[in-house]
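Each value in this text was obtained by applying a stated rule to the coordinates, not by laboratory testing. Note that the structure is predicted; figures quoted are calculated from it, not measured. Cβ coordinates were reconstructed from backbone atoms using ideal geometry, including for glycine residues, and neighbour counts include every protein chain displayed.
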Amino acid sequence: MKLDTKCIHAGYTPKNGEPRQIPIYQSTTFKYDTSEEMGKLFDLEASGYFYTRLQNPTNDYVAARIAALEGGTAAMLTSSGQAANFFAIFNIASCGDHVVASSAIYGGTYNLFAVTMKRMGIEFTFVSPDATEEELQAAMKPNTKAVFGETIANPALDVLDIEKFARVAHKNGVPLIIDNTFPTPVNCRPIEWGADIVTHSTTKYIDGHASSVGGCIVDSGKFDWTKYPDKFPGLCTPDESYHGVTYTERFGLEGAFITKATAQLMRDFGAIQAPQHAYYINLGLESLSLRMKRHCENAQKVAEYLKNHEKIAWISYCGLPGDKYYDLAQKYLPNGGCGVVSFGVKGGRAATEKFMKNLKLASIETHVADSKTCCLHPANATHRQMNDAELAACGITPDLVRFSCGLEDAEDIIADIEQALNK
Ligand code: PLP
């Protein structure tokens, strides 16, 4: 199937007389005839459902669809994008370990890594998304367990050189984890460029209608954990909490990572996505490729309008010839990046705030990537926990407006920007 078809059909094929649409299994639990059957499920000896905190069929159909779109072998839905990134790392790194991450990432992810996971004993080294191979190598340590970055960084819009990051990660025997929220698999499939694990905040374009918070982790099944058993004991040695199952032996490279994350992390942390939310994000998936085209077309028109505007200090959009990331975008995002444009209004922070206050169609929201045009001033919102030096390291200036182009007519979006700039 081509990608557009996968958005609609992958992961769920109803049999004769079954529901055409993915049904919502609105049930916390599942019934069995004997305790023996239930016991086999608990021992991971049989596959099946027993409690929705770990797995639910609706979630699994939708996860399978996202796995197919990303070109992965297995996937799981999580309650949020935050949970997806936390699980993706905590599944292979624990107290005493180290992770290398791009500094140009979503502020919530930065805080999760730099503050909360640090408190759990996991150390992060942040590197520039533009780091050379030598600089990346210099950040690696003997206890490094993963390298992390965003395909298109929120909100600075840096485009990551995925192949370069994958090369250094693999040379050091660790996987590359890529948060692919902004381009979605419609515009970039990081696994094709060497990424091993892909994460999403499905809250954004995948849902696309600002209706439900959610996340997803996709495993490529390509990283050979068994080559580094000392580095990844959780995947390569018996799990005492599951009667001695060794995930790589029992589930192979294609299933080990997601099975462990389900069996251990979902069991213990319980950050499951509600089946009803999985149903909503599936409705989003069905139109994802159509919507991404329109989001990108609108963003391109807005970026071109702003490019030479006398009241605009600077603009970042990787689809604009001359943009710092134009060449990388041509390679990794040839059909468009995303609908988000970042820019600064001349006059700095105060002018930016005044401009945003005067917008009528575009609303000020702590959100991005849905059908309605919205904008945010990160220095005042998502990234306000950062000092100026940390902001600069993330590529964020105090005047940055993160402008998320929705699905409206581009002329209306531009007219709104124009009247606000005139004020
Ligand atoms: N990753 C990226 C790139 C994001 O933009 C966000 C949220 O904005 C997240 C992760 C966190 O996702 P959520 O808000 O669904 O927890």
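Along Cα→Cβ, 7 Å out, is where each label goes; now give me the distance between the ones at Glu192 and Arg167 in nm to one decimal.
Each label point is offset 7 Å from its Cα along the Cβ direction, giving 2.0 nm.
Report the FRET efficiency, 1/(1 + (r/R0)^6), for Asp409 and Asp327, where r is their Cβ-Cβ distance and R0 is 25 Å, rounded to 0.05. Please list the in-between numbers first.
Details: r = 31 Å, r/R0 = 1.23.
Step by step, r from the Cβ atoms, then E = 0.25.
Can you give the helix-only mean residue ellipticity at 222 nm for the chain, where every DSSP H stretch with n ≥ 4 adds -39500 (n - 2.57) and the sum goes over all residues, rounded to the nearest 500 deg cm²/dmol?
-10500 deg cm²/dmol
Can you give the FRET efficiency for Ala313 and Lys293, using 1/(1 + (r/R0)^6), R0 = 25 Å, r = Cβ-Cβ distance, to the nearest 0.05? Working shown, then result.
On the way: r = 30 Å, r/R0 = 1.18.
Using R0 = 25 Å, I get an efficiency of 0.25.
Could you give the alpha-carbon Rg of the chain over 2.2 N^0.38 Å, rounded to two decimals? Walk me through the numbers before you get to the answer.
Values: Rg = 21.6 Å, N = 423, 2.2 N^0.38 = 21.9 Å.
Its radius of gyration relative to the 2.2 N^0.38 Å reference: 0.99.
Could you run the Karplus curve 6.51 cos²θ - 1.76 cosθ + 1.60 with θ = phi - 60° over segment 185-202 and give me ³J(HN,Hα) per residue in whole Hz, x for Gly and Pro?
So the J values, rounded to whole Hz, are x, 5, 9, 7, 10, x, 4, 5, 9, x, 5, 9, 10, 10, 10, 9, 8, 6.
How far is it, in nm, from the label point at Lys354 to the one at Glu18 when both lie 7 Å from their Cα along the line to the Cβ?
Label at Lys354, label at Glu18, 6.1 nm between them.
Restrict the search to segment 218-321; then list the GluC sites (Glu not before Pro) that DSSP places in a loop and that have at most 10 other Cβ atoms within 10 Å of their Cβ. Could you put the intermediate results ahead of the total?
On the way: sites: Glu240, Glu249, Glu254, Glu286, Glu297, Glu304, Glu310; in loops: Glu310.
Filter output for segment 218-321: Glu310.
Working from Cα positions, state the angle (0 to 90°, nearest 10) between the long axis of helix 162-171 and the longest principal axis of the chain.
Once rounded, one gets 40 degrees.
Mind pulling the angle between the C-alpha long axis of helix 348-357 and the longest principal axis of the chain? Nearest 10 degrees, somewhere in 0 to 90.
Here the helix axis deviates by roughly 80 degrees.
Taking a ≥ b ≥ c as the square roots of the eigenvalues of the Cα gyration tensor of segment 286-330, is the shape rounded (a/c under 1.5), prolate (a/b larger than b/c) or oblate?
Numbers: a/c = 3.60, a/b = 1.61, b/c = 2.24.
It is oblate, given that a/c is not under 1.5 and a/b is not larger than b/c.
Would you mind computing, in nm to one decimal, how far apart the modelled labels at Lys346 and Arg250 are, each placed 7 Å from Cα along Cα→Cβ?
Going from the Lys346 label point to the Arg250 one covers 6.5 nm.
Please determine, in degrees from 0 to 90 and to the nearest 10, the orientation of helix 247-260 with respect to the longest principal axis defined by the Cα atoms of the chain, where the helix direction is its Cα long axis.
40
Report the rotationally averaged projected area of segment 289-422 based on its alpha-carbon convex hull, in square nanometres. Numbers along the way, then the final one.
Numbers: hull surface 31.2 nm².
Approximately 7.8 nm², given one-decimal rounding.
Can you grab the distance from the C-alpha centre of segment 354-418 to the C-alpha centre of segment 185-216, Å, no decimals?
For segment 354-418 versus segment 185-216, the Cα centre distance is 21 Å.
Is segment 72-170 rounded, prolate or oblate when judged by the Cα gyration tensor, a ≥ b ≥ c being the square roots of its eigenvalues, rounded requiring a/c under 1.5 and prolate requiring a/b larger than b/c? Mind showing how you got there, number by number?
On the way: a/c = 1.37, a/b = 1.14, b/c = 1.20.
It comes out rounded by the Cα gyration axes.
Most exposed first by the Cβ proxy, i.e. fewest other Cβ within 10 Å, how do His309, His277 rank?
Numbers: His309 15, His277 24.
Ordered by Cβ neighbours within 10 Å, fewest first: His309, His277.
Sort Met120, Met76, Met266 so the one with the fewest other Cβ atoms within 10 Å of its own Cβ comes first. Mind showing how you got there, number by number?
Working: Met120 12, Met76 29, Met266 22.
Final ranking by Cβ density, sparse to dense: Met120, Met266, Met76.
Cβ neighbours within 10 Å, averaged per peptide: list 85-92, 8-15 in order, most packed at the top.
On the way: 85-92: 24.8, 8-15: 13.6.
Highest mean packing first, the order is 85-92, 8-15.
Please find, in a Gaussian network model of the chain (springs between Cα atoms separated by less than 10 Å), the residue of Asn172, Asn298, Asn154 whose mean-square fluctuation is greatest.
Sorting by GNM fluctuation, first place goes to Asn172.
Could you list which residues have their amide H under 5 Å from that of Ala101, counting only those 5 or more apart in sequence or on another chain, with H placed in the peptide plane?
Correct list: Thr125, Phe126, Val127, Phe148.
Say the cut-off is 27 Å between C-alpha atoms; which of Lys204/Lys423; Lys2/Lys204; Lys40/Lys227 go over it?
Numbers: Lys204/Lys423 31 Å; Lys2/Lys204 23 Å; Lys40/Lys227 29 Å.
From Lys204/Lys423; Lys2/Lys204; Lys40/Lys227, over 27 Å: Lys204/Lys423; Lys40/Lys227.
I'd like the FRET efficiency for Phe30 and Asn387, computed as 1/(1 + (r/R0)^6) with the beta carbon distance as r and R0 of 41 Å, rounded to 0.05. Walk me through the numbers before you get to the answer.
Working: r = 50 Å, r/R0 = 1.21.
That pair, Phe30 with Asn387, gives E of 0.25.
May I ask you to compute the full-extension gain from Glu135 to Lys2, defined as 0.36 nm times their residue separation minus their alpha-carbon distance, rounded to one decimal in nm? Could the numbers behind the result be given before it?
Values: separation 133, 0.36 × 133 = 47.88 nm, distance 3.83 nm.
Extra length available between Glu135 and Lys2 comes to 44.0 nm.
In µm²/s, what is D for segment 345-422 at 37 °C and 0.692 mPa s, where D = kT/(6 pi eta Rh) by Stokes-Einstein and Rh is the Kirkwood radius from Cα pairs?
Details: Rh = 13.0 Å.
Estimated via Stokes-Einstein, D reaches 253 µm²/s.
Rank these for me by crowding, Trp225, Trp314, Trp193, going from fewest to most other beta carbons within 10 Å. Let's see the in-between values first.
On the way: Trp225 22, Trp314 14, Trp193 19.
With the sparsest Cβ surroundings first, the list reads Trp314, Trp193, Trp225.
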